[in-house]
Each structure stands twice: as C-alpha cells, then as structure tokens.
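Have a look at the structure below before the remarks.
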Amino acid sequence: MSRIVCITGATSGIGKACAARYAQAGDDLIITGRRADRLQQLQQQLQDQHGVRVYVLHLDVRDRTSVEKAVQALPAEWQAVDVLINNAGLALGLQSLHEGNPADWDVMIDTNIKGLLYVTRAIAPGMIARRQGHIVNIGSTAAKDTYPNGNVYCATKRAVEALSEAMRIDFLPYGIKVTAVHPGAVETEFSVVRFKGDTQRAAQVYQGFQPLTAADVADVIFYCTSLPPHVCINDLVITPTAQANAHFIHKNG
Ligand code: NDP
Ligand code: 8X3
C-alpha cells in the first residue's frame, strides 16, 4: 500500500534522491524546500514518471509560523504522513571557531536544529494520534566525531543525534519509529553551499576517492523505512568504503 512520505529539502542531493526512490516504490510525496522552480519541476517529473501524487510545500524550515501554517493547511488527504524525512540542512564555512562567521552559525543552527524541531513539532502530533509513523533524521558522521574547523556544523549534527534519541524515548509509547541516518561524504551540492559557490574547492572534497551518491543514501533510508512494524533501525552510519570516520578518508595520490 502506498504511503505518504514528507521530505524536507527535496530540491537537491539526498532529499531529491529520496523523492525519486520513494516515488519509484509508488509512495505519495510531500516535497519541501525554498526553491519553488525546482519543486515544481520535480513534482511534474515524479508524477509523470511514476504516476504518484506529489504535493509541494514551498517553505523555509527556519520560519516557524510558515511551517505551522503549511502543515495545518495540508488538505485532508495529505495529513496522515507515514514517513517524515528531516533532511533539510547545510554547512556554511570551515573555519576555526575564533574566526567563524556568527551569521553562518545562526543559519546552521536555525536550519539544522530549529528547522528540524519545527517540522517535527508540526507533523509528529498526527502520527501520535494515529499511533503510526516513522521519522528519519539526517545526521552526519560530523555528529559522531568533531573535525577541525567543523565546530558549529558538527555541533548541530550532534544535536540532531541527541534529538533523535529524545524523540525515540518520548514517542516510544505511541509506536513511532525514529531513525537517525549519519552519512559520510556524499557528493551533492553540500560542499558548493558550504564554500559559498566555490565549485573548485567543493570538487576537491571528493577527489581521490569514490564518494557516496545521494542515491546510495536514499536506498539505505528507504530500506530503514521498509522493515516490518516490530523492527526499527535506531542509528545508522553510512560512509564510502574509503572513509573510516569523519577524520579519515583514504585518498589516492
Ligand atoms: P544539498 O545542498 O544538495 O541539499 C540540501 C537541501 O536542504 C536542499 O534541498 C535545500 O533546499 C534544503 N534546505 C537548506 N536550507 C533549507 C531551509 N532553510 N529550508 C528548507 N530547505 C532547506 O545537500 P545534501 O543533500 O548533501 O544535504 C542534505 C542533508 O544531508 C543535510 O542535512 C546535510 O547536513 C546532510 N549530510 C550531507 C552530507 C554530504 O556529504 N553531502 C553528509 C552527511 C550529512 P533549498 O535550498 O531549495 O531550500
Ligand atoms: C557532511 C559530511 O564530513 O563534510 O555532514 O561534515 S562532512
């Protein structure tokens, strides 16, 4: 039976690959993000290719009021979200803490932590009322190991890990599954965003080894949400084979 899957940050990278993976399986999708043109394009493409229903929520997860209003305004047939993938997130900059840009810190904290909380606060009550649902939070290997100059980004992902644990405890009586997925290096727009459009510097991040693709991660997320009702993967780390953890990537040459 098809599910309703809500994905934050579906305009690019892991979120977009998740949209394709779930659509391929026949699930209906609520896709969100700030870039309206990309959302509309993706909606059309998934509807045409897979014959699924796709609902667009054009929003910035940092805007609590618009998140609340958008979820409240979902048509009745879209309200019973089965799977929420809290994926929207970003890193900005890679500098020692004493040289970091506090404006970048605000964006990372507001998006990666507060945005995830706002979306969860809006959608989880429906899951709890129905005693059915699965929340997937996208963390990072940066949650597991702080790396040099990663300071605030790593802290936001550590917070995602803590909040995933908190949700698992709080939602336990209601049978809601909570899975934290922590990817290592995935070649997406992530590094272009982190280095503020410097595509050469971004490309260097993935040189000398084979990084994960967004589709690799989407396959794993799909697997986590396709297990029998009594089985839950709580916390999962996925890296390229060439990566041991946030610190060690074996690069050729
Ligand atoms: P991308 O930059 O390719 O995608 C990020 C997505 O997040 C976009 O769809 C973007 O949409 C959305 N987004 C960012 N800010 C907001 C916002 N304020 N409101 C709504 N949507 C927002 O990167 P990835 O796919 O790699 O990143 C996805 C997640 O995976 C992030 O949480 C990231 O931290 C995490 N991650 C990435 C890794 C990697 O190596 N790539 C490794 C580990 C974790 P739009 O701009 O249209 O709003
Ligand atoms: C993204 C992976 O190593 O750039 O979370 O932090 S890393």
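The values are calculated or read from the model by the stated rules, or taken from the named source; none is laboratory data. Just so you know, these numbers come straight off a predicted model, no measurement behind them. Cβ sites come from the backbone with ideal geometry, for glycine too, and all protein chains shown count toward neighbours. Remember, those area values only see protein heavy atoms, side chains included, never the ligands or the DNA or RNA. Shrake-Rupley method; radii C 1.70, N 1.55, O 1.52, S 1.80 Å.
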What part of the accessible area of the range 32-178, given as a whole %, is carbon or sulfur when the probe is 1.4 angstrom? 51 percent
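Hey, got the dipole for the chain? About the Cα centre, +1 on K and R Cβ, -1 on D and E Cβ, debye to the nearest 20? The partial results should precede the final answer.
On the way: 23 positive and 23 negative charges, 37 e Å.
For this selection, approximately 180 debye.
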Counting lysine pairs in the chain that sit 8 or more positions apart or on different chains, with Cα atoms under 26 Å apart, gives 20
Run the simple label-point estimate for Gln49 and Lys251 please: 7 Å along Cα→C-beta, distance reported in nm. 3.2 nm
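When the helix-only estimate is applied to the chain (DSSP H runs of n ≥ 4, each -39,500 (n - 2.57), divided by the residue count), what is the mean residue ellipticity at 222 nm, nearest 500 deg cm²/dmol? Numbers along the way, then the final one.
On the way: 10 runs with 105 residues, N = 253.
Calculated from helices alone, the mean residue ellipticity at 222 nm is -12500 deg cm²/dmol.
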Using the Karplus curve 6.51 cos²θ - 1.76 cosθ + 1.60 with θ = phi - 60°, work out ³J(HN,Hα) for each residue of the range 49-59 in order, rounded to whole Hz, and write x for Gly and Pro. 6, 10, x, 8, 8, 10, 10, 9, 10, 7, 7
Interchain or long-range residues, amide H under 5 Å from Gly133's placed H: Lys177
So, R0 is 30 Å and r is the distance between the beta-carbons of Leu97 and Asp216; what FRET efficiency does that work out to, to 0.05? 0.40
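Using the crude model of +1 on Lys and Arg Cβ and -1 on Asp and Glu Cβ, and no other charge, please compute the dipole size for the range 106-206 relative to its Cα centre, in debye to 20. Working shown, then result.
Working: 12 positive and 9 negative charges, 62 e Å.
Value, rounded to 20: 300 debye.
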Run the dipole for the range 146-253 about the Cα centre, Lys and Arg Cβ at +1, Asp and Glu Cβ at -1, nothing else charged, and hand back the magnitude in debye, nearest 20. 240 debye
Relative contact order (percent, whole number), the chain, Cα cutoff 8 Å, 6+ residue spacing: 19 percent
Please work out the average accessible area per residue across the range 1-71, using the 1.4 Å probe convention, and give it in Å². 47 Å²
Within 10 Å, count the other beta carbons around each residue, average over each peptide in 225-234, 207-216, 191-200, and list them highest first. 207-216, 191-200, 225-234
Charge-dipole axis of the chain as Lys and Arg at +1 and Asp and Glu at -1 on Cβ define it, positive-most pick from Thr188, Ser226, Gly133: Gly133
